[in-house]
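First the structure, in the form of structure tokens, and then the observations on it.
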Amino acid sequence: MKTHFILLLFVCLFAGIVKSQVADTVRVGNRNMMLAEKAYNEGISQYNESKFTESMQKFNEAISLRPNFVKAYYNRGVVKAEMDDYEGAMEDYKIALEAMPDFAMAHFARGKARMAQGDTQAAIKDFNGAIESNDRLYFAYYYRGVLFIQEGKYDEAIDDFTTAINIKADFAQAYHDRGSVRKLKGDLQAAIADYQQAVFLDPGMAHAYNNLGSVRLSMQQYSQAHEFFTTAINIMPGYEKALNNRAIANMKLGWYDIAMEDVGKVLEKSPDNYIALTTRGLIRYRTEDYQAAEDDFTLAIRLNPEYAPAWLNRGIAREMLRDPKGAKLDWEKAVSLGLIEAEEYL
Amino acid sequence: MSGIKKIFHINFPCVKENLKRVTGSKMVFFFFLIIILPLESVSQNKEFNRTHFPDDRKALREARRNVRDGDRLFEQGGGNIDQALELYLKAYDFNPDNALLNMRIGECYLKTTRKDQAISYLERAVELNVATLRIYYLLGMAYQQNYRFDEAIEQYTFYRQSLTPQEAIQQRASIDRRIAECNHAKQLIKEPLRVFIDNMGSTVNSEYDDYSPVLSPDGKTMYFTSRRPIGRRPRTDKNDHKYFENIFITRKVGDRWSTAEPIDGRINTKTHEATAGIKPDGNTLFIYRGDKGGDIYESHFEKDRWKKPGKMARSLRSRGTQETSIAFTSDGTRVYFISDRPGGFGGKDIWTSDRNEKGRWSEPVNLGSMVNTEYDEESLYLAPDDITLYFSSKGHNSMGGFDIFKTVFRNGRWTRPENLGYPINSPGDDLFFVLGKEENTAFFSAKRQGNYGGSDVFMITFLGPEKPVKLPVAEDLSAASVRPPQINMMESEVEIVSVPMTILRGKIVDDATEEPLLAIIELYDNETEDLLAEFNSHPETGEYLISLPGGKNYAISAKAEDYLFHSENMNISESQVDREIINDIRMKKVEVGQSIVLRNIFFDTGAAELRPESYAELGILYKLMVDNPSLKIQISGHTDNVGSANLNQRLSERRARAVVDFLLERGVGNERLTYKGYGFDRPIATNETAEGRQMNRRTEFEIIEK
């Protein structure tokens, strides 16, 4: 109904048609326009103060005073998106785009809304539209690159991040994400270079340090990994992912007690953190407490049955618990969840 | 080094002398004395005599008897060690501070599976200044057996350094061998095998030595050797005081092994019978018999029974030598066996012999120095592939005693034997390896802590290479989710401009009757073609009122049912703002002969191409034609009188034609449209003024047919 109403409003009013059945004064370009513009500007001010409800009221007012106020529709969409009303936001963006098909920001904003809703393909189309309308819109390249990662299109993602960097040389996030893609492609040295450039441009990027640590873990450079995780934690105290990862580094360094301390901090705050439970299971496995390890993996699986590492690792623990059948079932499950290395164990 | 002060506790005169020899420095010796003397006062050896135990003569007597009997049993060794230990421990309860007794107890424990118990007694013997340097060798052994290899090396090294030159000649090689074993062990233990080692359990193993398993080809029957007693009056071997060896059988039922029983048939006798191998077809069992120096016999399985063992071929035997283990290739043309016959590298070696086409065995050949060592090789097993030979050896890189090795016959030679690794191998004796039917299983024998007694049979389950775990690394791969780029999503503010307004008002009436009309009024921005407003005149008065921003050109049209539409062009200049413009509209009925001036059709001067701002009005005309499908009209073009008549006539005709073409292109039938150019022949205003000339430059349509 809401959609139909807005569509009707658009058909009837948006083209600038004002209907009156009486011979009252018909105003064109009159004071209402000024009031609409005033409300519009106030809406922006409210938004900038994070007063989203008030901001939306102002944009509503602007639109009622001037039904063809394209920017007001767009900005109201932005406010709605900020308030997680993505459907409402997309309706406003649609109105704006029908009035101005080359409205690059509206394409981009709708892409982000669709991205938030998990509609990757539609979001990519919108980012394409944004880039067609404005090929200097560096963040449209960036977000399209992010979606390409999700799609497994790593080369396309790298191209987009590189383009974004070429347009905006200090684009830390683009360096960071390009580093991640390179890591996924196994080009660890290039990943390190990108992550380092990201933290050079934005020293507060804790997750870049976390990822630098993760790369070092992959390279079995556990002491260096440990240092990066510690830096991430120093920047963002309580950063659970970095604490979890530092626990892994500690475990690899044979410092099991400290590893348990780190993962304990995570689980104290987030008892349902299935990744941390899996890490604790591994530490217990390493200390040959196979039963406790299996218990942790089982709990992790209960919390997230789709988390393949917990299945694979529980299989290994079960093997040590003399349960080869249970181990085989776990590895089969891990394979079905995409962890193909478990096939080697079957 | 932390254990040195306690362990190297020297007080006995001969030991002191040796120590001086070791250090080569009196200063160092005095330093040791200074460190050690305070401890010495609490570590006093107590002999079993009345001086130390003046009050309990009876208990003293019993303790001395236990020591004496224990010594006798200890010297006999073998199966009497447990009894000796029992007596020693009784004596120890009476007097725990006797150095020699502590050493003896430690030695006994070293000969049992409870090797971990040895260390504390041997260490105590050192503290009590036992009067023999051999204590350091024993302590080295105790440490080695208990995986304390660095301490073992320290003790062996100290012992070696304390030997006299003559002793060194005799013992140095064996001490160096022990040290080497410790170093091998340290390496092997760094990379333990992923295996489960399971004791075969009480259905198979006993409190006596159980060892040397051999398997039937289907893996469901195991023959092994046991020194448990059988029969009414079991006999012991006077050499080691253990029951004679006999062959036992156990069968696999489901996942379990049945209770072992003596093998049926005429295999076991009153002397030693031990399993020495089995042919790949499972129908010939090789048996070691201890008579005549120790030879291998063979028994055939016929009619559901094992027949009386017979001697092997003469060429495979050697007078006065011992053969203990044997294996045949699948086709039976080659045999490998253990023998201490002359011509080897030392102790028992592995030998081989081939059978020719006539069934005669060739002269046995030593497998060579790649496989055999100066130490004993023992208990061989040939894998079903016929080229992989498993055997035990005290040489190579053994970590102590016999270790199990593997060698493969490739390119005409045996590969360097590979230690099977820890924890299959240990610092103790590990022997009699055989593969199981399942690919990942094997069996062997060893004296391990927790055994049922003596040597036991174990099953190995190989887990293969370590399975890498999946590290649950947590990452934020995209900054978009955790630290997104700062993007100003809002469109910018607009500049609010105050626009001056003009009031346009008027009345719409019938041209003929002047009756007020209800008409639909549409207002367009001629520049943008945007429809700015659509509204009705008052139904009763025909009046309308609209406020407009100045400085723009507008098209205003009025439509009413049964009337021709009316169009006006309103160019409201900046000077007209804040003023009121009256514009009454007279509408004509749709009748033949009626004509309308199209006031919002625009051409460039002297040109006949329609300007875009004409499209709004043309759209209204088009809609009129669509709404009245029977209507036929003529479009006429008119000019002012500037220029030649001929030129104006042609221009007016081309302009009329342009309007007709617009309608034709949109589907209005050709038969409904005519056009004509009148040049300046039909002015509607004076050509003397600019305003008049503008009115004369016009396009009209006239209804030809309704």
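The values are calculated or read from the model by the stated rules, or taken from the named source; none is laboratory data. In this text, all values refer to a predicted model and were calculated from it rather than measured experimentally. Every residue, glycine as well, gets a Cβ built from its backbone with ideal geometry; the counts of neighbours run over all protein chains shown.
Quick rundown of the values:
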read-out	value
Matching residues, the stretch B:474-483, being within 7 Å of chain A (Cβ to nearest Cβ) and either surrounded by fewer than 19 Cβ atoms within 10 Å (Cβ to Cβ) or farther than 24 Å from A:N75 by Cβ (or both)	B:A474, B:E475, B:D476, B:L477, B:S478, B:A479, B:V482, B:R483
Qualifying residue in the stretch B:691-705 (condition: at pLDDT 90 or above, acidic (D, E) and crowded, with 18+ Cβ neighbours inside 10 Å)	yes
Residue in the stretch B:162-174 that is within 45 Å of the chain's Cα centre (by Cα), closer than 27 Å to B:G421 by Cβ and surrounded by fewer than 21 Cβ atoms within 10 Å (Cβ to Cβ) present	yes
The stretch B:588-603 - residue that is assigned to a loop (DSSP other than H, G, I, E, B) and of a type in the set (A, V, I, L, M) and, of those, farthest from B:T513 (Cα to Cα)	B:I601
Matching residues, the stretch B:388-400, being in contact (Cβ under 8 Å) with a residue 40 or more places away in the chain and surrounded by fewer than 24 Cβ atoms within 10 Å (Cβ to Cβ)	B:L389, B:Y390, B:K394, B:N397
Every residue from the stretch A:289-310 that is in contact (Cβ under 8 Å) with a residue 12 or more places away in the chain and either of a type in the set (D, E) or within 9 Å of chain B (Cβ to nearest Cβ) (or both)	A:E294, A:D295, A:D296, A:A300, A:E306, A:Y307, A:A308, A:P309, A:A310
Unmet requirement for B:I338, which otherwise passes all of (1) assigned to a loop (DSSP other than H, G, I, E, B); (2) in contact (Cβ under 8 Å) with a residue 40 or more places away in the chain	(1)
Which numbered condition B:D209 fails, given (1) modelled with pLDDT under 95; (2) buried (at least 19 other Cβ atoms within 10 Å of the Cβ); (3) of a type outside the set (F, W, Y); (4) not assigned by TED's automatic domain parsing to the domain that holds B:R134	(1)
Selection from the stretch A:224-239 of residues that are in contact with a helix residue (DSSP H, G or I) (Cβ under 9 Å, 6 or more places away or on another chain) and of a type outside the set (S, T, Y)	A:Q224, A:A225, A:H226, A:E227, A:F228, A:F229, A:A232, A:I233, A:N234, A:I235, A:M236, A:G238
Long-range neighbours under 8 Å by Cβ, at least six apart or interchain, first residue more than 13 Å from B:S206 (Cα to Cα) within the stretch B:221-243, second exposed (fewer than 11 other Cβ atoms within 10 Å of the Cβ)	none
Residues being within 11 Å of chain B (Cβ to nearest Cβ) and not in a helix (DSSP H, G or I) - total across the stretch A:322-336	1
Residue list for the stretch A:54-86, filter: of a type in the set (S, T, N, Q) and more than 10 Å from chain B (Cβ to nearest Cβ)	A:Q57, A:N60, A:S64
Filter result for B:G593 (touching a residue at least 12 places away in the same chain (Cβ under 8 Å), within 13 Å of chain A (Cβ to nearest Cβ) and at positive phi)	no
Residue selected from the stretch A:30-80 under the condition hydroxyl-bearing (S, T, Y) and not in a loop (DSSP other than H, G, I, E, B), by the criterion nearest to B:E495 (Cα to Cα)	A:Y40
All positions within the stretch B:677-690 that are within 14 Å of B:E700 (Cβ to Cβ) and exposed (fewer than 14 other Cβ atoms within 10 Å of the Cβ)	B:D681, B:R682, B:I684
Within the stretch A:276-288, tally of residues that are facing chain B (nearest Cβ under 9 Å) and touching an Asp or Glu at 6+ places or on another chain (Cβ under 6 Å)	2
Residue tally, condition crowded, with 19+ Cβ neighbours inside 10 Å and more than 22 Å from B:G400 (Cβ to Cβ), over the stretch B:179-204	2
Filter result (more than 24 Å from A:K153 (Cβ to Cβ) and part of a helix (DSSP H, G or I)) within the stretch A:185-211	A:Q196, A:V199, A:F200, A:L201, A:A206, A:Y209, A:N210
Residues being surrounded by fewer than 20 Cβ atoms within 10 Å (Cβ to Cβ), in contact with a helix residue (DSSP H, G or I) (Cβ under 8 Å, 6 or more places away or on another chain) and closer than 12 Å to B:I508 by Cα - total across the stretch B:530-558	0
Flag if A:G152 is more than 11 Å from chain B (Cβ to nearest Cβ), farther than 21 Å from A:N245 by Cβ and not in a helix (DSSP H, G or I)	yes
Some residue of the stretch B:275-288 being small (G, A, S) and within 25 Å of B:E207 (Cα to Cα)	yes
Any hit, the stretch A:172-182, residues being in a loop (DSSP other than H, G, I, E, B) and closer than 29 Å to B:P472 by Cβ	no
The stretch B:241-263 - residue that is closer than 21 Å to B:E298 by Cα and among the aromatic types (F, W, Y) and, of those, farthest from the chain's Cα centre (by Cα)	B:F244
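Residues are listed down the side, and each one gets a yes or a no for (1) farther than 18 Å from B:I582 by Cα; (2) more than 7 Å from every other protein chain (Cβ to nearest Cβ); (3) in contact (Cβ under 8 Å) with a residue 24 or more places away in the chain:
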| position | (1), (2), (3) |
| --- | --- |
| B:R505 | no, yes, yes |
| B:D511 | no, yes, yes |
| B:I521 | no, yes, yes |
| B:D525 | yes, yes, yes |
| B:L531 | yes, no, yes |
| B:H538 | no, no, no |
| B:E543 | no, no, yes |
| B:S547 | no, no, yes |
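Results for (1) out of contact with any helix residue (DSSP H, G or I) (no Cβ under 8 Å at 6 or more places or on another chain); (2) at positive phi; (3) among the charged types (D, E, K, R), shown as yes or no for each residue.
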{"position": "B:S325", "(1), (2), (3)": "yes, no, no"}
{"position": "B:G332", "(1), (2), (3)": "yes, yes, no"}
{"position": "B:V365", "(1), (2), (3)": "yes, no, no"}
{"position": "B:E378", "(1), (2), (3)": "yes, no, yes"}
{"position": "B:P384", "(1), (2), (3)": "yes, no, no"}
{"position": "B:S393", "(1), (2), (3)": "yes, no, no"}
